[in-house]
Amino acid sequence: MSSDTNTSAQLHSTTGVTGEGDPLSTNRAPDKRIRPWVSRAMVAYAFQQGDGALSGSLCNDAPYLRSAVGVDWTVGTRDGELEIRDETFLCGQHSKVMPLRYSGGIKVAGLMLRPGALRTLFGVQDEGMLDRIIPIERGGIDDDDVTGLFDPSLTPTAWLMRIESWLADYVQKTGAEPPDQIAQALEIQAFTDPNCVLSEFAERQNVSPRTVERIAKRDFGLRPSQVMRRARILDLAAQLCGVADMAEEDIILRFFDQAHQIREFQTFFGMTPVEFQRNRSALLTLSLEIRQARRLELLNRMEPGAIRPWMRKPLQTATR
């Protein structure tokens, strides 16, 4: 989702908080009807205390369909700054974080798409969407068809369910094909062992390394090595934010040495791991928690709805 420095006290979440008061989303496995295209469904409400703009960053290792209402976003995309308010948009994957300014808090519902689903659902090429955000109209959908599903009288979960039902109806109407299974296997490989050898992965899929390269570029917008590199960094970031299920030693062993770790981390986040942890951000924790929950469920290491390894009790729900 996004990250901000020292904003926990300025955001009052109604979709969950950590023990330290950082806002969290309600996130879960999607409606069964849309699981071939969607890996996670999320909704987050956090109301801003006071005026002024907050700053942070967007960070996705998956494409997204998002509806954001009642707040102003200014995102630094590959194409320059993009202003967003009361609309639904499609987000590509990231090769690095995007700077973000926003005011009014957070009111967003989204579907985390599987690699290649932008193409099979909306005819939008993942390779061309790297570090980009576009209005949903570019995918052939009238914005009001999705943004109009929001109703202030709905609970956050009810709003999310409306969006899921809309996509299920859309899939049935259009006959969209599920995305490539090799792309899905590559995503699972990144979660399982991002230090894998490409030739060994390709052999397990009964294809050539060249085929894996082609599919990765098409459905991730990145080379396989870049997909694995990003996974290592995001697992490390999750550990620094306290939402990882792996021991620190296991994550550190994925890097040649400390210099390699720092260099890789700076490339993605623009700061060292020490700086990142010192300025641990509320909303980046929210984003990484969604990713880690998705990772555990994809790897069948956690039952849906179970208490996650980094939690000693279910999500705390804040009251308004």
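The values are calculated or read from the model by the stated rules, or taken from the named source; none is laboratory data. Remember, predicted model here, so these are calculated numbers, not experimental data. Virtual Cβ from ideal backbone geometry, glycine too; neighbours counted across all protein chains shown. Just so you know, the surface numbers come from the protein's heavy atoms only, side chains and all, with ligands and any DNA or RNA stripped out. Shrake-Rupley method; radii C 1.70, N 1.55, O 1.52, S 1.80 Å.
Laid out as a table, the results:
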| item | result |
| --- | --- |
| Length added when fully stretched, T272-A53, from 0.36 nm per residue minus Cα-Cα | 76.3 nm |
| Where labels lie 7 Å past Cα in the beta-carbon direction, separation of D193 and D86 in nm | 5.2 nm |
| Charge-dipole axis of the chain as Lys and Arg at +1 and Asp and Glu at -1 on Cβ define it, positive-most pick from S103, P135, A62 | A62 |
| Contact order relative to length of the chain, as percent, for alpha carbon pairs under 8 angstrom and 6 or more apart | 24 percent |
| Values of log10 I(q)/I(0), in the order q = 0.14, 0.24, 0.28 Å⁻¹, for the range 223-282 under a Debye, Cα-only, solvent-free model | -0.35, -1.05, -1.37 |
| Å² per residue, accessible surface of the range 11-299 at 1.4 Å | 40 Å² |
| Euclidean distance between Cα centres, the range 74-143 to the range 193-228, Å | 25 Å |
| Entries of K107/K217; K32/K173; K96/K173 with Cα pairs more than 26 Å apart | K107/K217; K96/K173 |
| Net charge dipole size for the range 11-299 [Lys, Arg +1 and Asp, Glu -1 on Cβ; Debye, nearest 20] | 500 debye |
| The range 134-208 - Rg (one decimal) and Dmax (whole number), Cα, Å | 18.4, 53 |
| Computed label-point distance, nm, for sites R301 and E249 using a 7 Å Cα→Cβ extension | 1.6 nm |
| Residue (of V207, H260, A185) at the positive-pole extreme of the range 11-299, dipole from beta-carbon charges | V207 |
| Over the range 11-299, volume per residue of the alpha carbon convex hull, in Å³ | 127 Å³ |
